[in-house]
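First the structure, in the form of structure tokens, and then the observations on it.
Taken together, the values in this text are just the output of simple stated rules run on the coordinates, not laboratory data. Just so you know, these numbers come straight off a predicted model, no measurement behind them. We place every Cβ from the backbone using ideal geometry, glycine too, and count neighbours over all the protein chains shown.
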Amino acid sequence: MILNTLIEQQNRLVQAIVEIQLIPGIPQIHFLGLPDKVIKESFFRIKAAMKSSGFKFPISQQVIVNIRPSSLKKSSQGLELAVALGILHLTGQKILCDRSQQHLIYGELDLDGGVREPEDLIYFKNIHKDFVLTGKSLKQTQNFSRLEHLKDEIQLDESQKPVEKLLKRPEMGLDKKFSRDEAELIFLLSTSGLHGLIAGQSGAGKSFLAKNFISFYDPKHDVRPDDQDWYPIIAPHHSLTAGAFLGGGVQLSEGEIEKVENGVLVLDELLEFHSQILESLREPMTGEPLRIARAGRVKEIKPLFQVIATSNFCPCGKWVPGYDLDGCRFSAVKCRSHLNRLTGPLVDRFGLIYFHTLRRPKREITGREILKRIENWNGKAIKNPLKADLDFIDSIYGELSGRRQQALAKVAEIYAIEENSREITVKHLKKSESWTISGFAQLEKGMS
């Protein structure tokens, strides 16, 4: 018999399949599929709950329970309800209808046969075709089908229907105010989907910009987040190890780069991250699949995220390209060695760059004004799609790398569409240079 349930994986609930079979032997339950101690102990709860409810545990048969996928270590607070109902169905003591068998069965058993809703079920968002059968709950937060006691009839909730979850844009950035340059950067990041590098002096507001960008994130794909109100934003600390960032271990555990799928990866203090992490970003930032091999196991991740990185280019936190080093308490050699951690190939993956200084203009533009501009642009882009002539751009900017030309073309397209222009002109290209070329040219000069 096959039933559906939930298991814990990386601090969230994911669907799993439970196969239950009776074979001659000593009356006990054998759990297969790398179960943890909680699952193994459920044998005693299942047996006591069945006896207290007036049912009989098989006395001349052993129960084989296989939990799939079998290669992952399993932990579950509510798998025992699925096993108990499966045993009752196979022994003919409580027949499950076809609809019940299609549900995700997830509940904790009391020794007296009572069934309770596991505490972690609140984190499972029923947004797709899956229905949930669980036990009683004091909160009754969701319209799940419920079974309050093993001997009761299963109460299927007829209101459970597949629903399309509405996304809710975070408002934390919408209520903030931004300077003209900051607003322009947010607009370009949102409409282009390019990776952005925000550098500058300490205290200028780099982290403020990066972490509020999620309120303006406009993904350039059709993939919706599975069980969240909005697309994820992951901001790992710079002390993170390469293994924790990429994922790995014998079981190929999920890393930060996989958790940010379809969302925004914020790398605050970019140059403080381990060089192995920085260099491992090269392929994912270009959209190439990331193949991870550990202890004979292989996992391939298709990256789909936008990187927003912030950094000081000097240990003193004062130097910005285009400014002198007056007031820096470190030697020029120390400052250059810090900047040299930012390799050319990695910089080339960033499409936009912005230098933030303490002498910024007053912040007067609200986040809602920026969002309205983004939404207006999206409407124009649908009605008047444009595609830059890369051969024309190459004839003017032939000395630039292919990625730099593509970033320039993308931003020029954005400005042309916003102006309702039927073609991309030199004016649009010149306007785009300050965001896609000039800053990178200043960075290449370094501290000379």
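Quick notes on this structure:
- Build a GNM of the chain with springs between Cα atoms under 10 Å apart, and of C314, C335, C97 the one that fluctuates most is C97.
- In terms of other Cβ atoms within 10 Å, M285, M50, M172, M1 run from fewest to most in the order M172, M1, M285, M50.
- Full-stretch length increase - L34, K380 - with 0.36 nm per residue and alpha-carbon distance subtracted: 119.2 nm
- Charged side chains reduced to their Cβ positions (Lys and Arg at +1, Asp and Glu at -1) give the chain a dipole of some 460 debye around its Cα centre.
- In terms of surrounding Cβ atoms within a 10 Å radius of their Cβ, I7, I417, I26, I2 rank from fewest to most as I26, I2, I417, I7.
- At full extension, E444 and L22 could sit 144.9 nm farther apart than now, given 0.36 nm per residue minus the alpha carbon distance.
- With Cα atoms, 0 to 90° folded angle of helix 79-90 axis to the chain main axis: 40 degrees
- Shape category assigned to the range 358-438 from the gyration tensor of Cα positions, a/c cut at 1.5: oblate
- A helix-only calculation puts the chain at -8500 deg cm²/dmol for mean residue ellipticity at 222 nm, using -39500 (n - 2.57) for each DSSP H run of at least four residues, averaged over all residues.
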